[in-house]
1. Which pairs do you get when a residue that is closer than 18 Å to A:Leu215 by Cβ, found in the range A:28-47, comes within reach of a residue that is within 6 Å of ligand 1 (Cβ to nearest atom) and assigned to a helix (DSSP H, G or I), reach meaning Cβ atoms under 6 angstrom, with the pair 6+ apart or on two chains?
2. What single numbered condition from (1) under 15 Å from B:Leu224 (Cβ atoms); (2) facing chain B (nearest Cβ under 7 Å) fails to hold for A:Ile125?
3. Considering only residues that are of a type in the set (D, E, K, R) and either in contact with a Phe, Trp or Tyr (Cβ under 9 Å, 6 or more places away or on another chain) or within 16 Å of ligand 2 (Cβ to nearest atom) (or both), look in the range A:86-120 and name the one that is farthest from A:Thr44 (Cα to Cα).
4. List the helices (runs of 4 or more DSSP H) that sit entirely inside the range B:290-397 and contain at least 3 residues that are at pLDDT below 85.
5. Tell me which residues, restricted to the range A:24-43, are farther than 16 Å from A:Thr232 by Cβ, surrounded by fewer than 22 Cβ atoms within 10 Å (Cβ to Cβ) and either at pLDDT 95 or above or under 16 Å from the mean Cα position of the chain (by Cα) (or both).
6. Of the conditions (1) more than 16 Å from ligand 1 (Cβ to nearest atom); (2) in contact (Cβ under 8 Å) with a residue 60 or more places away in the chain; (3) part of a loop (DSSP other than H, G, I, E, B), A:Arg112 fails just one. Which one is it?
7. Among the residues in the range B:201-209, are any within 14 Å of chain A (Cβ to nearest Cβ) and more than 30 Å from B:Leu35 (Cα to Cα)?
8. Report yes if some residue within the range A:1-17 is part of a helix (DSSP H, G or I) and within 26 Å of A:His207 (Cβ to Cβ); otherwise report no.
Amino acid sequence: MGILEVKGVNKRFGGLQALGDVNLSVAENTVHAIIGPNGAGKSTLLNVLVGKLIPDSGSVMFDGQSVLGRKPHEINQMGISRVFQTPEIFADLSVMENVMIPCFARRDGAFRMHAIGSVRNEGDIIGQAEAILADVNMLAKRDMLASALSRGDKRRLEMAMCLVQEPKLLLLDEPTAGMARADTNNTIDLLKEIKEKRNITMCIIEHDMHVVFSLAERITVLAQGTPLVEETPENIKGHPKVREAYLGEAQV
Amino acid sequence: MLGLNSRDFKLLMIVIFMTLAAPILLNPFPVDSALGESFNAGYPALMQRFVIFGLLAVGFNILFGLTGYLSFGHAAFLGVGSYAAVWMFKLLSYNIVPAMLASVIVAALFAVVIGYVCLRRSGIYFSILTLAFAQMSYALAYSVLSPITNGETGLQVYSDDPQVLMRAGDPIVPHLFGLEMNSSVTWNVGGWQFVFQNGYYLSAICMIIGFYISIRIFRSPFGLMLRAIKSNQTRMSYTGMNTKPYMLAAFVISGMYAGVAGGLMSAMDPLTGAERMFWTASGEIVVMAILGGVGTLIGPVLGAGIIKYLENIISKINSDILHNWFAFMPDWMDNLLVNILYPFVGKGWHLTLGVLFMVVVIFLPGGLVQGGQKLGALFSRKSKSSNSDATTAGTANTNTPAE
Ligand SMILES: Nc1ncnc2c1ncn2[C@@H]1O[C@H](COP(=O)(O)OP(=O)(O)OP(=O)(O)O)[C@@H](O)[C@H]1O
Ligand SMILES: [Mg+2]
């Protein structure tokens, strides 16, 4: 039994079958990659996992509990954090404030009325936020406005915001897209380090096969909304079905 | 100091000084001088309006400034606050303590209900819903609810009202344990006259407390959450925060400020009518906040002050007064100037306000506070161009909302 069990999930958008009978089992404490051509339904699958979309049928169990029908903030509080394909950050707030908010969410839950004490006096929260910024090499930019960051920095900031929550399951939707090679390698190292330090399960969507093969322990190939194969990285290279799905789209 | 950082503390001290010294600061000209007649604003009725509307705008800013949700029906809370206070005068006594408490509580309950419904939508739909609610309250106050609101006559205290807590010898005007709201001390110095009124000082103290609380809210984790909601509600949900109760709390707090303001209005003059809830009153609050600077601490107070000043001072100026000013000029020049200025004064004060509002929105989207910061930056650059540690508005740290 994996920490995440997706069974028979279907999702249609009008005439388009975005997800067709998706079954996926992600084992605890592993890095599971989902690859597939553009429009395969990868992001749609994540949308179902985090409560953004409700599937037409099927079940999604996380940690023994169903996530279907729960609100996004409830699912996050269960321990699922997501890095989006286009960064979702608090553009009008400083980098530091961006990472402090998930710290508050982790400590205080979905709602707490603390309207009188000053944020400046929240030593613990400030400490956690600074530590994660140091981990992603962004401490020097702590007072910058998030909207002023480069694309790669925005992604790293969003990753820091998710990591600082210490989720049980981290969903990453193309975390290195738009990053320079050096930043991509840093991200790989960061994720590896996180993986070793904490008990964390990751589900990563990536087009960059270098990233996939550096991190993944299991790989699922999705094409036209349906999983084709699930294999270890060694066995996925040269798999005939995978070649068929990609047909030269990436050098597998 | 008082849980504030030094910048905020300084700002609070300035506000306290300005409000407490307002009776003197706003009467810079001798009473009998032409300028004094036109421009002295230090009379109690007007000063009360400055601080009461200031309080209203400060509360409105907690909702609009922090969360970005534009309530276009805020005057409804002002209205129910006023009614609640007058009812306490009618039922209990003229003591303003129960009246003010009732204002806050009733406005809060009202805000919970309206907020719960309106916050199901965001953006323009939220604004329209709040507007609809306020207009509904206005219409009901004039019709079906007449037994409670006394319809068009307005709600007031009659001699046969129960006033169960009233004892013989109690003042028959609103009072704070005997301290009558409308009594004042007048201080004559030379040609100058300064009036210190109890009612004004009570309102001023309420405004100062309200302002202090708003600073604390702005700097608190709660304030940070509200700014985060304004910035990206999606990220907020996927970060495990339930935005609904945060929004509702902001809405209710903001409504309570309006309730206090309404209660104060009744305490200053125990008579209230439905027109306080009319949509133009709600619009005025929005204009105050935007004019002064939305999301800044002092902006709304500034905006409220300027609008009430224009409304009461500029609207008093008529063509005779204008002719008086320019009497020293040749006739043709006098007439020309009067003709140019006339549309902007008297009943035309709305035109002045409109022009000012447009100029601010176009050139200073951050309101007059932004204008002040720009000026400040300009001056400090000029005077200390060699001094590298000059803290100008341009380099103000980004992680706290500006003053
Ligand atoms: N909300 C929606 N409404 C309608 N169609 C949608 C919606 N979301 C996704 N789709 C469609 O569903 C299909 C799968 O989209 P999805 O975003 O899941 O692909 P993806 O695998 O993430 O692709 P990419 O690699 O380009 O990110 C696409 O054809 C897309 O156009
Ligand atoms: Mg995608």
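The values are calculated or read from the model by the stated rules, or taken from the named source; none is laboratory data. In this text the structure is predicted, and so the values were computed from the model without any measurement. Cβ coordinates were reconstructed from backbone atoms using ideal geometry, including for glycine residues, and neighbour counts include every protein chain displayed.
1. A:Ile34/A:Lys42; A:Gly36/A:Lys42
2. Unmet condition: (2).
3. Here the answer is A:Arg112.
4. B:319-325, B:367-383
5. Selection gives A:Glu28, A:Ser43.
6. That leaves (2) as the condition not met.
7. Looking through the range B:201-209, at least one residue is within 14 Å of chain A (Cβ to nearest Cβ) and more than 30 Å from B:Leu35 (Cα to Cα).
8. For the range A:1-17, residues part of a helix (DSSP H, G or I) and within 26 Å of A:His207 (Cβ to Cβ): absent.
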